[in-house]
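Heads up, the thing below is written out as structure tokens.
Here, each number is a calculation from the coordinates, and none is a lab measurement. Everything numeric here is computed off the predicted structure, so don't read it as measured data. A quick note on method: Cβ atoms are made from the backbone with ideal geometry, for glycine too, and the neighbour counts reach across all protein chains shown.
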Amino acid sequence: MPMTQEQLAYLLSRIDLFESFTPFTLRLVAQACRCIELSAGEVLFEHGSTSSELYIVVNGALEVFRGDRVIARVERNDYIGELALLDAAVRSASVRATTPRTLLEVGREVFERYLKSEPDSLTALMRTMTRRLRGMIDDTQAAYEAVNMQVHDMLNILNVLAGAEFVAEALPPGDEHHRYLEMILHTRDRLEVM
């Protein structure tokens, strides 16, 4: 059952972008927005695509992903795509519905007409972007630390493999095991370059 403009205006009043708007302005914004239904698994937009809409989750949740990696979930009364309103660059990730979802599409015209001149709305956008950027920085830091630990472990393995030189020196010339030790040393050199 489609939502009425009054229901949409009430929903908008619960979103930080619109909480400072008057009821009259909320009804105007609700009238200018479009409801979208997504099926489970349906992609809202793809990484690399261009568009200039923000989407508010009316019910359910969305999954933000890039490749095989899920980056975030966007829950009810939250929004996604705010960067597209500010910068017409390509989408930095893909978004899909995990189960059937209803979204409210806020186009650039709505942003230009109602949000751009509202300091409270712009502050809310900044808070959301800052929160997401901090999350990305935390994820990047955690990934860096994990890679750093793996490199440390690899260096320890390289030190163990270096012992093959001492074994090779201890073997008599012509011993058939020299061949295996040379393969180990060659592999160690390749790993060290990596």
Got a sec to turn the phi values of the stretch 34-48 into Karplus ³J(HN,Hα) couplings, 6.51 cos²θ - 1.76 cosθ + 1.60 with θ = phi - 60°, whole Hz, x for Gly and Pro?
-> 10, 8, 10, 10, 10, 7, 4, x, 6, 8, 6, 8, 9, 4, x
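Mind giving me the FRET efficiency for E37 and Q150? R0 is 45 Å, r the Cβ-Cβ distance, nearest 0.05 is fine.
The pair E37/Q150 has a calculated efficiency of 0.55.
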Whole-Hz couplings from phi, Karplus 6.51/-1.76/1.60, listed for the stretch 110-120; x for Gly and Pro | 5, 4, 4, 7, 10, 8, 4, 8, 9, x, 5
Non-local amide H neighbours of C35 (under 5 Å, H modeled in plane, Pro and chain starts lacking H): which ones?
-> E105
Counting pairs of alpha carbon atoms under 8 Å apart in space and at least six apart in sequence, what relative contact order in percent does the chain give?
-> 21
Unit charges on C-beta of K, R, D, E only; dipole of the stretch 42-115, Debye = 160
Counting helices only, and only those DSSP H runs with n ≥ 4, report the 222 nm mean residue ellipticity of the chain as the sum of -39,500 (n - 2.57) divided by its residues, in deg cm²/dmol to the nearest 500.
-> -16000 deg cm²/dmol
Please report the base-10 log of the normalised intensity I(q)/I(0) for the chain, using a Debye sum with one equal scatterer per alpha carbon and no solvent, at each q in 0.09, 0.10, 0.14, 0.19 (1/Å).
-> -0.50, -0.56, -0.83, -1.29
Cα pair distances of the stretch 70-160 binned at 5 Å [whole percent] = 2, 10, 15, 19, 15, 11, 8, 6, 5, 4, 3, 2, 1, 0
Taking every pair of alpha-carbon atoms in the stretch 137-184, what share in percent sits in each 10 Å bin, from 0 to the bin with the longest distance?
-> 24, 30, 19, 16, 9, 2
